[in-house]
1. To the nearest 10 degrees, how steeply does helix 38-47 sit against the main Cα axis of the chain, on a 0 to 90 scale?
2. Rounded to a whole number, what is D in µm²/s for the chain from Stokes-Einstein with the Kirkwood radius over alpha-carbon pairs (25 °C, 0.890 mPa s)?
3. How much of the accessible area of the chain, in percent, comes from carbon and sulfur atoms when a 1.4 Å probe is used?
4. What is the angle, in °, between the Cα long axis of helix 4-19 and the longest principal axis of the Cα atoms in the chain? Nearest 10 is fine, range 0 to 90.
5. Could you give the dipole magnitude of the stretch 54-183 about its Cα centre, charging the beta-carbon of Lys and Arg +1 and that of Asp and Glu -1, in debye to the nearest 20?
6. Please determine, in degrees from 0 to 90 and to the nearest 10, the orientation of helix 65-77 with respect to the longest principal axis defined by the Cα atoms of the chain, where the helix direction is its Cα long axis.
7. Let's see if you can work this out: charge +1 on each Lys and Arg Cβ, -1 on each Asp and Glu Cβ, no other charges. What is the dipole magnitude of the stretch 1-44 about its Cα centre, in debye to the nearest 20?
8. Distance between Cα centroids, the stretch 59-112 to the stretch 128-166: provide it in whole Å.
Amino acid sequence: MVDDTERMLRDSVAAFVQRGEGPARLRRVRGTKPGFERESWNRIVEAGWIGLHLPEESGGFGLGLAELAVVMEEFGRGLAPEPAASAGVLAAGALAYAGGDAVALVPKIVSGEIIPCAAWQEAEGNHLGETCATRAEGGRLNGVKRFVLAPEGADGFVTTARNGDATALWWVEAGADGLGVETQIRT
């Protein structure tokens with residue numbers, strides 16, 4: 001059953017993506033860097049959709065998965081190329097619920113100050129990051145992540161690395177020494 005909040009969200013996101021030209025805009029930005037339009041991203045942030053599901057103490061609105069699903073469904077329906085799922089759901093969500101110092105980045109994501117990118121997969125079929133070969137050694141990470149969505153537009157990466165016997169989340173600034181981003185297109 002759809003409540004008033006979900007209906008309002010669906011209508012506002014649907015109106016936004018309809019103005020975005022759908023498939024024509026997706027084709028226009030595909031293959032460009034960063035692969036989405038910052039102006040559209042800023043409107044998404046201003047509407048509050050990035051912080052929708054994040055805890056209020058982290059700068060979000062504290063709504064639930066039902067409201068988030070409504071927003072993501074409309075972004076998908078409208079073929080919006082902005083990294084709302086990878087930045088707002090995966091990266092920001094991981095930081096918000098991981099605790100520790102990383103939580104301080106979440107308000108910057110919600111406000112649009114930074115755009116994060118989730119980078120956890122290392123191999124095809126490793127969708128949940130079950131294994132992590134990336135290592136943290138002396139405060140530096142050593143490893144490779146694959147299948148990263150919209151890395152060219154990211155201000156930093158939320159990634160996983162093994163630190164001893166535990167896997168932890170790390171924030172890596174875009175442009176950090178030793179960081180390389182390579183786009184591979186499979187045909």
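1. That works out to roughly 70 degrees.
2. Details: Rh = 17.3 Å.
It comes out at roughly 142 µm²/s.
3. Details: 5580 of 10630 Å².
Ligands and nucleic acids excluded, carbon and sulfur reach 52 percent.
4. The angle comes out at about 90 degrees.
5. Numbers: 7 positive and 18 negative charges, 47 e Å.
Roughly 220 debye for the stretch 54-183.
6. Approximately 80 degrees, to the nearest ten.
7. Numbers: 10 positive and 7 negative charges, 95 e Å.
Charge dipole, the stretch 1-44, about its Cα centre: 460 debye, nearest 20.
8. 19
The values are calculated or read from the model by the stated rules, or taken from the named source; none is laboratory data. None of these values were measured; they are calculated from a predicted model. So basically every Cβ, Gly included, is an ideal-geometry build from the backbone, and we count neighbours across all protein chains shown. Protein only, heavy atoms only, side chains kept; ligands, DNA and RNA dropped before computing areas. Shrake-Rupley method; radii C 1.70, N 1.55, O 1.52, S 1.80 Å.
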